[in-house]
Protein chains: 2
Amino acid sequence: MPSSGSRKRISESTIHRLSLYYRTLSLLEKENYETVSSKELAKREKLTPAQVRKDLSFFGSFGTRGLGYNVNELKSKIESILGINRDWKVALIGVGNIGSALVSYKEFAKQGFHIVKLFDNDQRKIGSNHKGITVSDIKDLDMEVKEANITMVILAVPATVAQYIVDDVVKAGVTAILNFAPINLRVPPFVHLRNENMSMELEYLSFAMVNNHAPKKSK
Amino acid sequence: MPSSGSRKRISESTIHRLSLYYRTLSLLEKENYETVSSKELAKREKLTPAQVRKDLSFFGSFGTRGLGYNVNELKSKIESILGINRDWKVALIGVGNIGSALVSYKEFAKQGFHIVKLFDNDQRKIGSNHKGITVSDIKDLDMEVKEANITMVILAVPATVAQYIVDDVVKAGVTAILNFAPINLRVPPFVHLRNENMSMELEYLSFAMVNNHAPKKSK
DNA sequence: ACTGCCATGTGAAATGGTTCACAAGAAGTA
DNA sequence: TACTTCTTGTGAACCATTTCACATGGCAGT
Ligand SMILES: NC(=O)c1ccc[n+]([C@@H]2O[C@H](COP(=O)([O-])OP(=O)(O)OC[C@H]3O[C@@H](n4cnc5c(N)ncnc54)[C@H](O)[C@@H]3O)[C@@H](O)[C@H]2O)c1
Ligand SMILES: NC(=O)c1ccc[n+]([C@@H]2O[C@H](COP(=O)([O-])OP(=O)(O)OC[C@H]3O[C@@H](n4cnc5c(N)ncnc54)[C@H](O)[C@@H]3O)[C@@H](O)[C@H]2O)c1
């Protein structure tokens, strides 16, 4: 009877790979696979079978020796490990170029991330409608975030204002932030922050080309 | 007299951190800093000073003992290590939600990544103008990419067609691809591929919240 | 029930990345 | 010149992650 809080510290790479397994399992499900071996899964992700098994072993024993893993079952185990077997209410702040693109992206909702509020400070945008959601005034952020019980935010505002907004957002009770602005944000220790940095990936490509770096598994 | 090709294999994390240092150095430059110590740089990135020095030491000795690093000089050293002290011609394929957002993003050009061609297969988009660039028919990809000597591509098409386009793009001589489609693409060993996966970061946040994972340095 | 086969789960070994700790160099002061 | 202070650059130690290798257990066929 394993207790709910896992003991070992799980590495970031393991979690990222769980996301990859999840995506591949969804695909295998569509292709009507019943079971999948660590070998097959590894091949699809360009990893080793041992890596796949070790990753999963941190969370339990989900496979059957001689057979492999049941696709449906493993998929739903990973869903529950990643916490995407529930619905998350997300606010998106900054309905500009990238913000609008994100609102239109249906995959997020399929994985349980529901963008339910939009905020901006541009009068021309406030009140307008994006995919059925009306853009709110950033001034009402605290009230509306608290009222809707939102704990996750996507930040797509200019870097110059990102820190101010983060401070407000944290005050409103948000504990998870996905930031697109190219800036190092300060958050209190209990808030989870991830940065999406596209320049970094372009720069990696540039480095690899200039240095004839042997291409390796990406990310 | 160090030779041009570096001997040791440089880790992905080191390259990613160079990107971070670069961004911070640009900021320090604007703030008129003359020099910066590994300690200060580390503080801003939430790293250890030893980490900063070790990262840089793979590429040479850029600092002055007792003083630190000259901001301008270090910045330009990193530019040359990352290969962003030159201009890269980039083609963007798929001028949809995310594609349009990326075309409008001015920071890429500032770092040497110039989007010079747009491709789509939607007749309503072909011929239209985005930020001064006319959208080309995907059918002309091979010709136009070769003609313009483009070696880097940003892929923002639906996952269902991404592999076909990658195959074409590779035939046209492209050797670096930044992919936004949520799919594992196959490329020949001499082609560099990076994936931008936003779901992964949301899932990481979700995992962290559910597991009360202590927040750590992001990415 | 027995046998052969296959793939998991996991300690232990190997590899890779980060941090420590210190010798040594540079600048400033007198 | 001698002395102090500061911070780099780097082997060595430490820690984390990946890979190896194999005992274990389940399934299928006879
Ligand atoms: N566009 C891209 O492809 C891209 C790529 C990578 C990173 N980013 C980053 O994402 C962020 C947004 O980029 P963008 O291109 O969408 O910019 P944008 O200017 O199109 O959008 C920013 C939005 O934020 C809003 N805003 C500004 N100040 C605000 C405030 N105080 N409160 C609420 N809303 C406010 C603006 O009204 C605008 O709608 C930037 O930090 C940018 O660096 C963008
Ligand atoms: N929108 C987002 O926020 C977001 C976030 C993460 C990932 N993605 C991924 O990025 C990709 C694009 O997403 P989007 O939301 O911009 O979709 P979109 O449908 O708005 O854009 C896709 C574009 O690709 C074009 N296209 C389709 N087939 C083509 C072909 N054969 N050749 C050339 N062009 C073709 C379409 O005409 C369209 O303009 C998808 O793979 C999506 O999963 C999008």
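Residues whose amide H lies under 5 Å from that of B:ILE177, counting only those 5 or more places away or on a different chain, are B:VAL153, B:HIS192, B:LEU193, B:ARG194; hydrogens are built 1.01 Å from N in the peptide plane. Overall, the anisotropy analysis places segment A:133-190 in the oblate class: the square-rooted eigenvalues a ≥ b ≥ c of its C-alpha gyration tensor yield a/c not less than 1.5, with a/b not exceeding b/c. Annotation: per residue accessible area for chain B equals 50 Å², rounded to a whole number [probe 1.4 Å, protein chains only]. Ranked from shortest, the separations from the 7 Å Cα-to-Cβ label point of B:ARG186 to its equivalents in the other copies are 5.1 nm. Exposed loop positions in chain A were taken to be GluC sites (Glu not before Pro) whose DSSP state is not H, G, I, E or B and which have at most 16 other beta-carbon atoms within 10 angstrom. Between these positions, the longest stretch is A:35-219. Amide H contacts for B:VAL90 (H built 1.01 Å from N in the peptide plane; partners 5 or more residues away or on another chain; cut-off under 5 Å): B:HIS114, B:ILE115, B:VAL116, B:LYS117.
For the rotation that carries chain A onto chain B, the axis lies closest to a Cβ at A:ALA101, 2, where the number is the distance in whole Å. Relative contact order of segment A:88-200, taken over Cα pairs closer than 8 Å and 6 or more residues apart, is 24 percent.
Mind checking which aspartates and glutamates have their Cα closer than 14 Å to the Cα of A:LYS117? Skip sequence neighbours fewer than 8 apart in that chain. Answer for A:LYS117, where 14 Å is the Cα cut-off: A:ASP137, A:ASP140, A:ASP142, A:GLU144, A:GLU147, listed by chain and number. Could you tell me whether the protein assembly as shown comes out rounded, prolate or oblate from its Cα gyration tensor? Rule is a ≥ b ≥ c as square roots of the eigenvalues, rounded for a/c under 1.5, then prolate if a/b exceeds b/c, otherwise oblate. Rounded is the answer for the protein assembly as shown, as its axis ratio a/c remains below 1.5.
Applying both filters, DSSP loop and at most 16 other Cβ atoms within 10 Å, to the chymotrypsin sites (Phe, Trp or Tyr not before Pro) of segment A:133-219 gives A:PHE190. Distances between equivalent label points of A:LYS139 across the copies, with each point positioned 7 Å along Cα→Cβ, amount to 5.4 nm, shortest listed first.
Overall form of segment A:88-200: rounded. Here a/c, set by the Cα gyration tensor axes a ≥ b ≥ c, is under 1.5. Shielding value for A:187-199 is 6, the average number of Cβ atoms from other chains within 10 Å of each residue's Cβ.
For B:GLY96, inter-copy separations between label points set 7 Å beyond Cα along the Cβ vector come to 2.4 nm, shortest first. Only lysines eight or more places from A:LYS46 in sequence, or on another chain, were considered; those with a Cα closer than 16 Å are A:LYS54, A:LYS216, A:LYS217, A:LYS219.
The values are calculated or read from the model by the stated rules, or taken from the named source; none is laboratory data. Here the structure is a predicted model, which means the values were calculated and not measured. Cβ sites come from the backbone with ideal geometry, for glycine too, and all protein chains shown count toward neighbours. What goes into the accessible areas is simple: the full protein's heavy atoms, side chains included, and nothing from ligands, DNA or RNA. Shrake-Rupley method; radii C 1.70, N 1.55, O 1.52, S 1.80 Å.
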